[in-house]
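The values are calculated or read from the model by the stated rules, or taken from the named source; none is laboratory data. Bear in mind that the values here come from a model prediction, so they are computed numbers and not experimental data. In this analysis, Cβ positions are derived from the backbone assuming ideal geometry, glycine residues included, and neighbour counts consider all displayed protein chains.
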Amino acid sequence: MISDYFRMSLRNVRREKARSFLTLLGISISIATIFVLISLSLGLEVAIQEQFETLGADKFFIQPRGQFGPHGSATAVDLNEEDIQTIERVQGVEDTVGWTVANAKIEFKDTIKFVSVSGIDPEKIEVAFGSYDLDEGRFLKNSGSKEIVVGSQYKYNNFLIEKVEIGDKILINDVEFEVVGIFETIGNPQDDRQIYLAEDSFRELFNIPNRVDFIIVKVTNQEEINEVADRVERRLMNSRDVDEKTIDFTILTPEELLGAVGNVLDIVTTFLLGVAAISLLVGGINIANTMFTSVLERTREIGVMKAIGAKNSDILSIFVIEAGFLGLIGGILGVLFGLGVGKAIEYVAINQLGTTLLKVVFPYYLILGCLAFAFLAGALSGLWPAWRATKIKPVEALRYE
C-alpha cells in the first residue's frame, strides 16, 4: 500500500512539471544555502585543526593583553627577553621562542609593497614552525646575516608581480637581503606573505632592542600542557608584578584557541542559518500553495477514490507523501547545487585569495541530513492541504467541475 502511495505521488509530481519546478526553486535554494554554510564551517574547523596539529599540540602561546589584529600591533604593554628567560625556568617547559614583528617596505625589481616582517632565532626553527616545511631552499642559519625566508605567495601567487626564486635579492627598508628559503603554503594569506629574518638582523634593522610580540612555549609533556600554562602564568605574574586585576598578558592553549574559533564559527553559522531558514519557510509556503492548488484540481479524483472505498488516512498519506516528494527533489537539487557552489568557493579561495582555510567538507551525514530535512519540510508543508483534502465529501466532489 505504501509503495502505491509513492507511485501515485511521483506520478502527480511528474504530471505538473512546470509548477513543480517553480515550487522546487525555493526549497532548493534553502537547502543549498544550508548545505554550503555547514560544509564551509566544517571545512574551516578541519583546516584550523590541521594547522594546530602541524604547529604542534605540545605548545601554547603568550601575547600582550589588549593586542588586536596581527602580531606587532600597538599595545599598552610589551613582552620582552626577560619574560622568555623567566618562562624557560618553569618546570615542564622544554623550550621557548619569541617572535617580534614589524611592518616594512619591501622592493623587488619594480614592485613596492608594505608587509609584515618577523624576527626569529635561527636555532629555534623547530619550536617556531613545528612540522611546517620549506618548498625549496633552507632555513635561516646565521644570526646577523642578510638572509631571509619568504612565504609561498612570493613564489606561487606572484605577490610581487614577478616570481621570487632562491638567490633573488629583496630590499627591506632599503637594505638588501638574499632569499635562501621559500615556505610551503600554510593556507593563511597573512602567513604566506610573511618574511622571516634572523633575530639579530631584525632588531638591528628596525631598532627594536628588547621587545617581543609573541612567545611560543613548548612543553615537555603534552598531557600536562594546561598545568604548565598555569605555572607559567603565575611565574610571569610575579616577575611582571601584576595580579588578577592588572594582568597584562594572555596565555592561549590550543584547546582555548580552538574553542574561541569554534564559538565565532557557531555565532556566524547560526546567523546565516537563520537567513537560510527564512528562505526555507518561503519554500515551504510555496509547497503548501502548490498542494492547495493540486487539491482543488483533483477534487473530482478525490471523490472517486472515496466513492470506491478510500479512507481519509489514504487521502492524507497520498498528499503528504507528494509534498514530501517535492521537498526531497528540491533537497537533491539543492545538495547538487551546494556541491558546485562549495567547490567553486574553495577554488577561488585557493587560487585567487591564496588561502586553504575556506575548504569544504561533504560528510555523508550532511548530505543525508539535508535530504531528510528537505523531505520532512515538504511533508509538513503539505500537511494542512492534505488534511483539507480529507474533508471533501464524496457526493460534492463527484459533482465538482
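Overview of results
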quantity	calculated
Where residue 347 falls short, out of the listed (1) modelled with pLDDT of 80 or more; (2) exposed (fewer than 14 other Cβ atoms within 10 Å of the Cβ); (3) within 19 Å of residue 377 (Cα to Cα)	(3)
Among the candidates 111, 86, residue that is polar (S, T, N, Q), touching a helix residue (DSSP H, G or I) at 6+ places or on another chain (Cβ under 9 Å) and either on the phi > 0 side of the Ramachandran plot or in the same structural domain as residue 203 (by TED's automatic domain parsing) (or both)	86
Counted residues, region 106-144 - those being polar (S, T, N, Q), assigned to a strand (DSSP E or B) and surrounded by fewer than 14 Cβ atoms within 10 Å (Cβ to Cβ)	1
Segments classed as strands (runs of 3 or more DSSP E), wholly inside region 145-261, with at least 2 members that are of a type outside the set (Lys, Arg) and closer than 27 Å to residue 86 by Cα	195-198, 214-219, 249-252
Filtered residues of region 164-185 (kept if among the hydrophobic types (A, V, I, L, M, F, W, C) and out of contact with any Ser or Thr (no Cβ under 7 Å at 6 or more places or on another chain))	164, 166, 170, 171, 172, 175, 177, 179, 180
Residue match in region 279-288 (condition: polar (S, T, N, Q), at pLDDT below 75 and surrounded by 17 or more Cβ atoms within 10 Å (Cβ to Cβ))	yes
Members of region 198-244 found to be basic (Lys, Arg) and either surrounded by 15 or more Cβ atoms within 10 Å (Cβ to Cβ) or not assigned by TED's automatic domain parsing to the domain that holds residue 179 (or both), listed by number	203, 211, 218, 231, 235, 240
Set 132, 154: member being more than 21 Å from residue 206 (Cβ to Cβ) and in contact with a helix residue (DSSP H, G or I) (Cβ under 9 Å, 6 or more places away or on another chain)	132
Test: residue 103 is surrounded by fewer than 16 Cβ atoms within 10 Å (Cβ to Cβ), over 31 Å from the mean Cα position of the chain (by Cα) and not in a helix (DSSP H, G or I)	no
